[in-house]
Amino acid sequence: MAVQSLGVGTTANDGSGDTLRAAGAKINDNFSEIYTKLGDASALSSGISATATVVTLTAPTITGVVAGTQTSATITTLATTTVNGTTLNGGTCAVAAGSITDSSGAISFGNENLTTTGTFTSGNLTCGTITSTGASIVFEGATPDAHETTITVVDPTADRTITIPNETGTMLTTGASNAVTGNMMKSSSTLLIVDSSGSTLKTVIGAGSAS
C-alpha cells in the first residue's frame with residue numbers, strides 16, 4: 001500500500017479537506033501497514049532498533065531474496081549460516097559444493113594451518129618443509145590402480161637425517177640386483193661379489209670396469 005496522506009484542505013476550515021472519519025481511517029491504515037511490516041500487526045518487533053544512520057536487528061530470521069548491492073558490511077557474530085544457492089561468490093572467489101575456485105588462478109590461506117581427516121588430492125604441489133605424523137608416504141604413480149610404492153620409516157628414537165646427494169642417479173635398495181656399477185665406487189676401491197662358499201662371482205672396480 002502507498003502512504004495515504006491526510007487531506008487538510010487549501011486553507012483552514014475551508015471544508016475541502018478529509019472528514020475526521022476519513023482522516024482517521026488513513027491514519028489507521030498507515031500504522032496498520034507499518035505494524036504488519038515491522039511486527040505481528042498488533043505490536044512492533046522488539047528486535048528492531050535504529051538511530052539516524054544505523055538499523056539494528058537482534059537475532060533476526062531473514063527469508064526471501066535480499067536484493068541490491070552491499071558495498072560494506074561487518075558481521076561480528078555468525079554462529080550458523082545456510083546458503084540455499086549453489087554458489088557463494090566473494091570478489092573473484094567462488095565457493096560451491098565440493099570446490100573453492102578463484103578466477104585469479106590463486107587462493108591464499110595466508111599463515112594458516114589447514115587440517116583435514118580426509119584425503120588431500122593435488123596436482124603439482126610446491127611447499128617448504130613437510131612434516132608427516134604418519135609412518136608412511138604412498139605414491140600412486142602415473143596410473144591409478146591397485147599397486148603403489150610406499151616409503152615407510154621405523155619409529156625414530158632420536159632425530160634422524162637421510163641426505164639425498166646433489167646428483168642424478170638411481171637410489172639402490174636391498175632388493176636391487178645387477179645394479180652396482182663401477183661408477184658408484186671410488187676409483188681406488190674394489191668390490192668383490194662372492195657366493196656362499198666364498199668364491200668370487202664378480203669383481204667391480206671403482207670408476208672402472210666389472211669382470
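All of the numbers you see were taken from the coordinates with simple rules; none came from a lab. In this text the structure is predicted, and so the values were computed from the model without any measurement. Positions of Cβ are backbone-derived with ideal geometry, glycine not excepted, and every protein chain shown enters the neighbour counts.
What are the residues whose amide H is under 5 Å from the amide H of residue 48, where those residues sit 5 or more places off or on another chain and H is modelled from the backbone?
58
With charges only on Cβ, +1 for K and R and -1 for D and E, what is the dipole size of the stretch 1-56 about its Cα centre, in debye, rounded to 20?
Roughly 60 debye for the stretch 1-56.
Would you please give the FRET efficiency between residue 114 and residue 176, computed as 1/(1 + (r/R0)^6) with r the Cβ-Cβ distance and R0 = 35 Å, to the nearest 0.05?
0.40
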